[in-house]
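Below: one structure, written as structure tokens.
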Amino acid sequence: MVKNLFSQIIGVFAVSLGILITFSTINCQSKIQKPQLPQEIVCVLKTNMGTMVIRFFEKDAPNTCRHFQDLVNQGFYNGKDFYRVVKGHVIQAGGGGEKIKAEYNKNKHVLGTVGLGRGNDPDSGDSEFYICLAPRPHLDEKYTVFGQLIEDYDVLYNIANVEVDEKFAGQIAINKPKKPVIIEKATIETRPIK
């Protein structure tokens, strides 16, 4: 009888200890889980000279961001070249397609700014985009700024310094790289905000 009672006490103790260990393990696991970091949508431009990452200004230029992201998701920029490289000004790629309405905003044209190219008509922007190689204040509020380079400025500097054939259309420099600078693959990704 004592042996049986002792076995029951041991059994209750073992079960209680098991529940306590399980509860502690669950409780510890929930305490050590990493917090969910805020996410952002970025564009990753993989070129034959390296990879650059662009953050979008979706609150300031929602339609332009959506338009650009749709083009990237369709593979539009894959295989396209940066056909214009003007040292101290911009690198430029794309061109053609559906025109969209301008979304001028307060974002400044600084090093790494990404904007939508256009013709004389403010609402003539399409798939053409540029990345600034220096501050370009004369472009502020005259072109739609929709993003900012956030990674790999070295790649931008390397592209800016390629050899070019200098050409002009009036006073506008249309300097084409002697060796093509190709966007091998453009993708849209969701990443933790840095």
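A short reminder: the numbers here are calculations on the coordinates, not readings from a lab. Keep in mind that what you see is a predicted model, and the values were worked out from it rather than measured. Using ideal geometry, Cβ is built from the backbone for each residue, glycine included, and neighbour counts are taken over all protein chains shown.
Return, ordered by residue number, the residues of segment 139-176 whose backbone nitrogen is under 19 Å from a label point located 7 Å along Cα→Cβ of LYS108. 139-150, by backbone N distance to the label point. In plain terms, the residue of PHE57, PHE129 with the fewest other Cβ atoms within 10 Å comes first and the most crowded comes last, giving PHE57, PHE129. Hey, which of these cross-link pairs are over 23 Å Cα-Cα: LYS46/LYS99; LYS108/LYS179; LYS59/LYS80; LYS59/LYS176; LYS59/LYS87; LYS80/LYS167? Over 23 Å apart, Cα to Cα: LYS46/LYS99; LYS108/LYS179; LYS59/LYS80; LYS59/LYS176; LYS59/LYS87.
Taking a ≥ b ≥ c as the square roots of the Cα gyration tensor eigenvalues, segment 39-192 comes out rounded, since a/c falls below 1.5.
Each peptide in 159-172, 42-55, 71-84 receives the mean, over its residues, of other Cβ atoms within 10 Å, and ordering these scores from highest gives 42-55, 71-84, 159-172. Charge tally for PRO38 (other residues, Cβ to Cβ under 12 Å; Lys, Arg +1; Asp, Glu -1): +1. A simple count of charges around GLY112, restricted to other residues whose Cβ falls under 13 Å of its Cβ and scoring Lys, Arg +1 and Asp, Glu -1, yields 0. Only alpha carbons enter this Debye calculation for segment 138-194, each as an equal point scatterer, and the log10 of I(q)/I(0) it gives at q = 0.14, 0.18, 0.22, 0.30 Å⁻¹ is -0.66, -1.01, -1.20, -1.17.
Partner aspartates and glutamates whose Cα lies under 14 Å from the Cα of LYS106, excluding those fewer than 8 positions away in the same chain, are identified as GLU58, ASP60, ASP140, GLU141.
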